Amino acid sequence: MTRPRILVVGAGFAGVECVRRLERRLSPGEAELTLVTPFAYQLYLPLLPQVASGVLTPQSIALSLRRSKKYRTRIIPGGAIGVDLASKVCVVRTITDQIVNERYDYLVLAPGSVTRTFDIPGLVDNAFGMKTLAEAAYIRDHVISQLDLADASQDPAERAARLQFVVVGGGYAGTETAACLQRLTHAAVKRYPRLDPSLIKWHLIDIAPKLMPELGDKLGRSAQEILRRRGIEISLGVSIEKAGPTEVTFTDGRVVPTRTLIWTAGVVASPLIATLGAETVRGRLAVNAEMNLPGHDGVFALGDAAAVPDRAKGGDAVCPPTAQHAMRQGKVVADNVIATLRGQALRPYEHKDLGLVVDLGGKDAVSKPLGIELHGLPAQAVARGYHWSALRTGVAKTRVLTNWTLNAIAGDDFVRTGFQARRPAKLKDFEYTDTYLTPEQVREQAEASVPREG
Ligand SMILES: Cc1cc2nc3c(=O)[nH]c(=O)nc-3n(C[C@H](O)[C@H](O)[C@H](O)COP(=O)(O)OP(=O)(O)OC[C@H]3O[C@@H](n4cnc5c(N)ncnc54)[C@H](O)[C@@H]3O)c2cc1C
């Protein structure tokens, strides 16, 4: 007998949590499980700034999808580039660029988000994001190479430009990125006796009037104070007018000569969502509290890609795009897929936000767990403790703890690996945003499909 096919798209916080629960709760005879993912790991994104700054190695936050023999899900190495809801086909581009039609009976969409960009001249060609492991590793190499090149340069203007760095986005991702990388350059410059440390300048800018408004006024000010003390120049109410390869123009008219623009001004749902032609809420797929796509039993979406009603807040609120929600939604979606399969009632998702932790590197941090405002070492202990306990596997926990300890004792050697030198480094090259089909192309491709034998 053919088993029903459950297809999960995306192996992030939401997708992996869902798949692991399905493996545990369904007997192998009950359904066939398939996961589409471009990478062979689940990425622990909140620790990316620590990879960029060299506190952690890239491997320590890339959690293997094949760690255990109990993981029986078939993994297709590739990305979904379109979904045709009518024929229940998901079109996949494999990592060898083959186009494959994958049929499903139940679909879980968890492809996460991509960096949100705006129509700012030169932005997508000159900015780096902080969303993938490759980007974090690339940025680390890039920042160290600016020190190397500034050190070698005889031209004072070039030296000054290479030692200026701009981060756009005062949310937690941008703030942590600026803070961690500033620590990297501050420590690294001691190995360059010919460089004047006062030339190193970090800018953190945001169009909003406050950094991380979700922290509240007091903690937000405290974070700002820590960063200012470290010499990071914070400009609020300011964005980018245009970006070029050697300079960035701010909306307040300042022109900053720089080779480093890091853009972390928010995220937007994966372009996969638009291929469905279904209703969206600011780009995220509109689902109900059970994370089911209305009118399509058996199709679920969650995490950053979906607008899941936030029942804890009520009204029209939708859950913010955080790992905290994505992981918990993964479990509920798994239960709801099983309930649909077995003809049982679905359960709605509800979770009250646990708060925010912001690691600014070293002993600096601000946290607001369960509404309690912390800064300094207690905040750092909470931040690291929270992330450490949220890592899925024991081996990842050990790697991260070992890296933290080693870094605290021995510091960093600031080695530029050169692995990705001379490779294209645009946002789309890291986030593959130009790979998706239009809804019409998806339909054509789906119609051409020969049903796969079950
Ligand atoms: C720098 C940074 C710091 C953060 N810090 C925090 C924090 O402290 N706390 C917190 O709660 N949240 C934090 N977040 C947000 C959090 O990481 C996201 O909300 C969370 O990852 C969302 O989970 P997800 O499963 O929806 O997406 P992801 O975890 O991004 O997973 C999506 C997966 O789908 C894959 N994928 C993408 N497109 C396709 C496709 N077309 N086909 C197949 N697979 C695809 C991706 O490769 C990825 O593996 C941070 C994010 C960043 C970038």
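The values are calculated or read from the model by the stated rules, or taken from the named source; none is laboratory data. Computed from a prediction, not measured in an experiment: that's the story for all the values here. Please note: Cβ atoms are built from the backbone with ideal geometry, for glycine as well, and neighbour counts cover all protein chains shown.
Observations on the structure shown:
- Flag if A223 is within 15 Å of the ligand (Cβ to nearest atom), not assigned by TED's automatic domain parsing to the domain that holds S367 and not in a strand (DSSP E or B): no
- You will find that of D105, D97, D119, the residue that is under 24 Å from the mean Cα position of the chain (by Cα), away from the ligand (no atom under 11 Å from the Cβ) and under 29 Å from G330 (Cα atoms) is D97 and no other.
Results for (1) part of a strand (DSSP E or B); (2) touching a Cys at 6+ places or on another chain (Cβ under 7 Å); (3) in contact (Cβ under 8 Å) with a residue 60 or more places away in the chain; (4) surrounded by fewer than 20 Cβ atoms within 10 Å (Cβ to Cβ), shown as yes or no for each residue.
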position: S68; (1), (2), (3), (4): no, no, no, yes
position: A80; (1), (2), (3), (4): yes, yes, yes, no
position: V91; (1), (2), (3), (4): yes, no, yes, no
position: E102; (1), (2), (3), (4): yes, yes, yes, no
position: T117; (1), (2), (3), (4): no, no, yes, yes
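- Taken over segment 338-370, the criterion of being surrounded by 18 or more Cβ atoms within 10 Å (Cβ to Cβ) and out of contact with any Lys or Arg (no Cβ under 9 Å at 6 or more places or on another chain) is satisfied by T340, L346, V366, S367, K368.
- Test: residue in segment 314-330 that is in the same structural domain as R24 (by TED's automatic domain parsing), assigned to a strand (DSSP E or B) and surrounded by fewer than 24 Cβ atoms within 10 Å (Cβ to Cβ): yes
- Yes/no for G54 being within 11 Å of the ligand (Cβ to nearest atom) and in contact with a Leu (Cβ under 9 Å, 6 or more places away or on another chain): no
- Residues in segment 248-274 that are among the β-branched types (V, I, T) and in a loop (DSSP other than H, G, I, E, B) were compared, and the one that is surrounded by the most Cβ atoms within 10 Å (Cβ to Cβ) is T264.
- Test: K88 is among the basic types (K, R), on the phi > 0 side of the Ramachandran plot and either more than 16 Å from the chain's Cα centre (by Cα) or assigned by TED's automatic domain parsing to the domain that holds M327 (or both): yes
- M130, sole failed condition from (1) buried (at least 21 other Cβ atoms within 10 Å of the Cβ); (2) over 30 Å from T246 (Cβ atoms); (3) within 15 Å of the ligand (Cβ to nearest atom): (2)
- When residues of segment 275-287 are limited to those that are in contact (Cβ under 8 Å) with a residue 40 or more places away in the chain and in a loop (DSSP other than H, G, I, E, B), the one surrounded by the fewest Cβ atoms within 10 Å (Cβ to Cβ): G277
- Count of residues meeting criterion [closer than 30 Å to V91 by Cα and not in a helix (DSSP H, G or I)] in segment 385-440: 13
- So A136, is it away from the ligand (no atom under 11 Å from the Cβ) and either of a type in the set (G, A, S) or not in a helix (DSSP H, G or I) (or both): no
- Tally of residues being touching a residue at least 12 places away in the same chain (Cβ under 8 Å), in contact with a Lys or Arg (Cβ under 9 Å, 6 or more places away or on another chain) and within 23 Å of R254 (Cα to Cα) across segment 182-202: 3
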